[in-house]
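The structure under discussion appears below in the form of structure tokens.
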Amino acid sequence: MKKPIKILSCFLILLMFASFGIFTGCKTEAGEAAEEVEEAAEEVVEEVEEVEEAAEEVEEAAEEAVEGKVTVPGLTVPDSPVTISYWEWNGETFDPSWNRMVEGFKEIYPNVTLERKSIGYDTYNADLKTALAAGEGPDLIACEPGGPVLTLIEANQLLELTDIVMNDPEWQSWIDAGLKLKDTWVGDKIYQVPMDVNMLPILYWKEIFESRGLEVPRNIDAAVEIADELNSDGIIPLVSMFGEMWSQVDIFVYLVRAADPEDTLIDKAVIGEASWEDPLFKEALQGFVTLKDAGVFPNNVMEMLWGNCLDAFNKKEVAMVYPVGQFGLGALDQEALKNDEFGCIPFLTLHEGDREMITGGGSAMTAININSPNIDTAITFLKFMNSPVGQEAEFDILRTPPGSLVTKESPIPLFTYQTWMQNNMYVGYRRIESPELYKGIQDAVAKVMLGDNIDDVLAELEAISQEVNG
């Protein structure tokens with residue numbers, strides 16, 4: 001800024017001499033001086049404009065640099081070498097997304113090494129719990145909403161992120177959709193942030209139904225009606241990964257919420273203001289039994305894992321599979337996926353006319369180990385995972401980002417349709433915030449599917465609730 005100041009000084013000197021000429025009657029000289037002053041003034045204006053333009057360019061460049069840097073207010077990534085570890089259960093389907101995130105982050109922070117460990121889902125939560133208890137857990141943790149993450153919070157093993165995220169307007173804007181998910185919040189606190197927004201519908205083979213002239217069922221009675229025909233052709237009507245224990249809680253919550261006109265019974269029961277022996281809960285458990293006894297579910301449904309279900313579905317040994325949200329599209333027959341051979345519906349309702357909704361939330365939530373020695377760096381990478389680079393990496397492996405940063409369209413019709421569903425249908429949560437009740441529902445479904453009396457099972461669940469709520 002020194003040059004404009006010097007020019008302005010010359011301008012003032014010239015103006016002084018011009019004024020002196022006018023006051024001494026030297027009109028000709030004064031006119032000449034005035035012209036010189038005018039020319040000098042024009043030069044000053046041009047010089048100032050050039051400096052202002054240059055300053056704006058510098059400011060814009062600085063803003064771009066800060067945006068590319070991905071920083072978190074109040075936190076510092078050290079210049080010395082740092083290693084950040086991340087555990088998850090997604091396997092090789094997550095490789096392309098992870099590699100792009102690592103490459104992008106290392107362009108900004110080349111001193112940071114990022115290590116990822118993928119553990120099979122069937123042992124993930126147990127392995128993580130053991131490692132954290134021994135002080136050997138990772139810096140970044142993929143978390144499953146509901147009981148598993150609540151167990152970690154109660155053990156004081158996750159860092160609370162509420163103030164960090166909510167005091168960072170940029171981060172908030174990146175995950176605007178994700179912040180609306182119940183999965184993101186535990187009461188009024190944030191312990192994990194969403195990597196995606198994922199709904200959980202049934203997927204079905206269009207050809208299996210169209211070739212037989214069958215309508216795709218939307219409720220339990222309709223599914224029972226077509227079960228014999230499909231089974232006689234050697235096709236299992238519907239499978240779900242009950243061996244992994246979580247999908248039956250999703251279904252139970254869905255059945256109740258879809259049939260509850262006020263949509264309050266689940267919430268009231270969780271906090272002890274409604275009884276778990278309510279007739280609607282009994283009807284929901286009876287729905288599981290009906291699906292099994294009628295042959296809609298296979299006899300071994302309680303043993304089926306995610307891999308079993310997808311393998312049978314890809315071989316067309318199964319007509320419908322639940323749930324396959326965006327997180328599972330990469331495991332489907334890719335040619336069939338590209339050729340739009342799959343259909344998509346919400347889970348079956350208890351009754352015809354019940355409200356249909358899409359349940360789900362975040363399939364990939366990530367938290368910070370409260371005992372991480374590199375918390376500032378871990379949080380900064382977590383924010384980078386939510387950045388435009390991270391969200392596009394998620395989109396390209398068929399996961400709907402938790403914000404609106406990605407504007408391109410997917411070439412996969414089903415992915416586009418699922419995204420439309422979650423943006424246009426009523427979205428219902430599937431999470432029970434009490435770990436004890438979450439497990440209680442898992443056990444209740446398992447027991448009735450194995451033949452236990454529904455009334456006895458619900459009495460046990462009510463006893464758990466009274467113990468939890470006092």
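Between ASP188 and ARG355, what's the calculated FRET efficiency when r is the beta-carbon distance and R0 is 30 Å? Round to 0.05. Let's see the in-between values first.
Details: r = 28 Å, r/R0 = 0.92.
Efficiency at R0 = 30 Å is approximately 0.60.
Report the calculated FRET efficiency for SER80 and THR416 (r = Cβ-Cβ distance, R0 = 30 Å), to the nearest 0.05.
Numbers: r = 45 Å, r/R0 = 1.50.
Between SER80 and THR416 the formula returns 0.10.
By how many nm would the segment from LYS180 to LYS268 grow when fully extended, if each residue of separation counts as 0.36 nm and the alpha-carbon distance is taken off? Walk me through the numbers on the way to the answer.
Working: separation 88, 0.36 × 88 = 31.68 nm, distance 2.10 nm.
Roughly 29.6 nm would be gained on extension.
Please give the peptides 404-410, 153-159 ranked by average Cβ packing (other Cβ atoms within 10 Å per residue), highest first, as a rough proxy for protection.
Numbers: 404-410: 12.7, 153-159: 16.0.
The densest-packed peptide leads the list: 153-159, 404-410.
If the chain between GLU283 and SER232 were fully stretched, how many nm would it gain, using 0.36 nm times the residue separation less the Cα-Cα distance? Kindly include the intermediate steps, with their values, before the conclusion.
Working: separation 51, 0.36 × 51 = 18.36 nm, distance 2.82 nm.
Separation in residues times 0.36 nm, less the Cα-Cα distance, equals 15.5 nm.
Which peptide among 132-143, 453-464, 246-257 comes first, and what is the full order, when sorted by highest mean count of other Cβ atoms within 10 Å? Please report the intermediate quantities before stating the final value.
Values: 132-143: 18.7, 453-464: 16.2, 246-257: 22.7.
The peptides rank, most packed first, as 246-257, 132-143, 453-464.
Quick one: grab the alpha carbon gyration tensor of the stretch 338-401, order the square roots of its eigenvalues as a ≥ b ≥ c, and give me rounded if a/c is under 1.5, else prolate or oblate depending on whether a/b is larger than b/c.
Values: a/c = 4.37, a/b = 1.93, b/c = 2.26.
Oblate, since a/c reaches 1.5 and b/c is not below a/b.
Going Cα to Cα from LYS106, which lysines come in below 19 Å? Please leave out same-chain ones fewer than 8 positions away.
By straight Cα distance, LYS106 reaches LYS69, LYS117, LYS383.
Could you put TRP174, TRP98 in order, starting from the residue whose Cβ has the fewest other Cβ atoms within 10 Å? Before the final figure, lay out the partial values.
Numbers: TRP174 25, TRP98 20.
Ascending Cβ contact count within 10 Å gives the list TRP98, TRP174.
Does the stretch 125-224 come out rounded, prolate or oblate, given a ≥ b ≥ c as the square roots of the eigenvalues of its C-alpha gyration tensor, rounded meaning a/c under 1.5 and, failing that, prolate meaning a/b above b/c?
Values: a/c = 3.12, a/b = 1.88, b/c = 1.66.
Here the stretch 125-224 falls in the prolate category.
State the extension gain, in nm to one decimal, for the chain segment bounded by ALA126 and LEU450, taking 0.36 nm per residue of separation less the distance between their alpha-carbons.
On the way: separation 324, 0.36 × 324 = 116.64 nm, distance 2.47 nm.
So the extension gain works out to 114.2 nm.
Could you pull out which residues in the stretch 248-287 have an amide N less than 17 Å from a spot 7 Å beyond the Cα of GLU436, following the Cα-Cβ vector?
268-277
Name the shape class, rounded, prolate or oblate, that the alpha-carbon gyration tensor gives for the stretch 278-397, where a ≥ b ≥ c are the square roots of its eigenvalues, rounded holds for a/c under 1.5, and otherwise prolate holds if a/b is larger than b/c and oblate otherwise.
Values: a/c = 2.27, a/b = 1.61, b/c = 1.41.
Here the stretch 278-397 falls in the prolate category.
Reachable lysines from LYS282, Cα under 28 Å, same-chain residues fewer than 8 places away excluded?
The reachable lysines, counting only those whose Cα sits under 28 Å from LYS282, are LYS182, LYS268, LYS292, LYS439, LYS447.
Quick check on the exposure proxy: order TYR204, TYR438 from fewest to most C-beta atoms within 10 angstrom. Could the numbers behind the result be given before it?
Values: TYR204 24, TYR438 21.
Going from sparsest to densest Cβ surroundings: TYR438, TYR204.
Ranking THR400, THR76, THR416 by Cβ neighbours within 10 Å, fewest first, what do you get? Spell out each step's value before the answer.
Numbers: THR400 24, THR76 10, THR416 13.
In order of increasing Cβ crowding within 10 Å: THR76, THR416, THR400.
Since every read-out is calculated from the coordinates, none of them should be taken as a lab result. Here the structure is a predicted model, which is why all the values come from computation and not from measurement. Heads up, the Cβs are rebuilt from the backbone with ideal geometry, glycines too, and the neighbour counts pull from every protein chain shown.
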